[in-house]
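Below is one structure; the comments refer to it alone.
The values are calculated or read from the model by the stated rules, or taken from the named source; none is laboratory data. None of these values were measured; they are calculated from a predicted model. Heads up, the Cβs are rebuilt from the backbone with ideal geometry, glycines too, and the neighbour counts pull from every protein chain shown.
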Amino acid sequence: MSRWNPFPFVGQYDFDAQRVKTAWPQLHLCDLEPLPQSTPLLQAWALFHSGEFQKACQAGLKLGLAGLNVANKATCVYATYLEDNEATRQALFLESAQRAEHHISQEPGNFNAYYLHAYALGRYSQSISVAKALAQGLGNTIKTNLETVLKKQPKHVDAHIALGSFHAEVIDKVGSLIGAMAYGAHRETGLELLDQALKLHHAATAGMVEYARAMLMLDGEAMLAQANLLYQQATQTTPLDAHERLELELARTELAD
């Protein structure tokens, strides 16, 4: 494994196993990951929340099935926000998707295995172009997995965000008619899912950013003012950990653009 780029705000979010355990309900409000019962797994999550994404991935992989969610989440967050080589990004997303698919086969009740499989494939799809990914049949897999998560965990904020974004992305790329007929994608459903995410967690930075992106994809310039308001609100949140800090920095970039 080649060395990953460092988290640019190193030292600002220092977690150990005990601090992660204490803050778990706040840190995992959006993904509802169950509190680990083992110290090594808590330590792997501490590395993730501190921004040590490569170390978190490596620590998670050493723990077998129990560590796959932290390994895959660390990989996907790193690839999304910090990897600047497109081929490497795509490879990391595919690695995560393959691991998550194996995880689902071994633990079909693990709802975040489905979420991370969908998330990795979704980011991979954006990387190669959503239209190409739909042609490869990835769209239905992503949608089915996210719907599975919401059946198991109706208050899963991240799944609401990802599925809402999926509806918007599909319609943006293939149009409302084909989107509805071929992929079950609907404008109103996408916006409702994103709205529900913010009702479940009003300070979800990722929810604000993706809601704004969806508005612009679906309605363009007509929604620019509302989208910018969401970006602005996202920049005013207080990050709890390294992941949320990266989401905040993305909101700042989008607002500046």
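When you scan segment 76-95, how many residues do you find that are touching a residue at least 24 places away in the same chain (Cβ under 8 Å) and touching a Phe, Trp or Tyr at 6+ places or on another chain (Cβ under 8 Å)?
9
Across segment 2-57, which residue is modelled with the highest pLDDT among those that are at positive phi and not hydrophobic (A, V, I, L, M, F, W, C)? Step through it out loud before you land on a result.
Of all residues in segment 2-57, those at positive phi come to 11, 32, 51.
Within this subset, residues satisfying the condition of being not hydrophobic (A, V, I, L, M, F, W, C) are 11, 51.
Numbers: GLY11: 92, GLY51: 98.
Ranking the candidates gives GLY51 first.
Please state which of the following conditions ALA120 fails to meet, knowing it meets all the rest: (1) among the aliphatic types (A, V, I, L, M); (2) out of contact with any Phe, Trp or Tyr (no Cβ under 6 Å at 6 or more places or on another chain); (3) over 20 Å from ASP16 (Cα atoms).
(2)
Table: residues versus (1) within 17 Å of VAL77 (Cβ to Cβ); (2) touching a residue at least 24 places away in the same chain (Cβ under 8 Å); (3) under 16 Å from the mean Cα position of the chain (by Cα).
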position	(1), (2), (3)
ALA23	no, yes, no
GLN26	no, yes, no
GLN37	no, no, no
GLY60	yes, no, no
LEU65	no, yes, no
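Output the residues belonging to segment 51-78 that are farther than 12 Å from LEU41 by Cα and not polar (S, T, N, Q).
Looking only at segment 51-78, we keep the residues that are farther than 12 Å from LEU41 by Cα, and these are 51-55, 72-78.
If the condition is that a residue be farther than 12 Å from LEU41 by Cα and not polar (S, T, N, Q), then GLY51, GLU52, PHE53, LYS55, LYS73, ALA74, CYS76, VAL77, TYR78 are the ones that fit.
Test each condition in (1) buried (at least 21 other Cβ atoms within 10 Å of the Cβ); (2) farther than 20 Å from SER129 by Cβ for ILE171 and report the one that comes out false.
Checking ILE171 against (1) buried (at least 21 other Cβ atoms within 10 Å of the Cβ); (2) farther than 20 Å from SER129 by Cβ, the one that fails is (2).
So ASP16 passes all but one of these: (1) farther than 18 Å from PHE93 by Cβ; (2) among the charged types (D, E, K, R); (3) under 20 Å from the mean Cα position of the chain (by Cα). Which condition number does it fail?
So ASP16 meets the others, but not (3).
Only one of (1) of a type in the set (D, E, K, R); (2) closer than 27 Å to PRO25 by Cα; (3) at pLDDT below 90 fails for GLU221. Which number is that?
Condition (2) is where GLU221 drops out.
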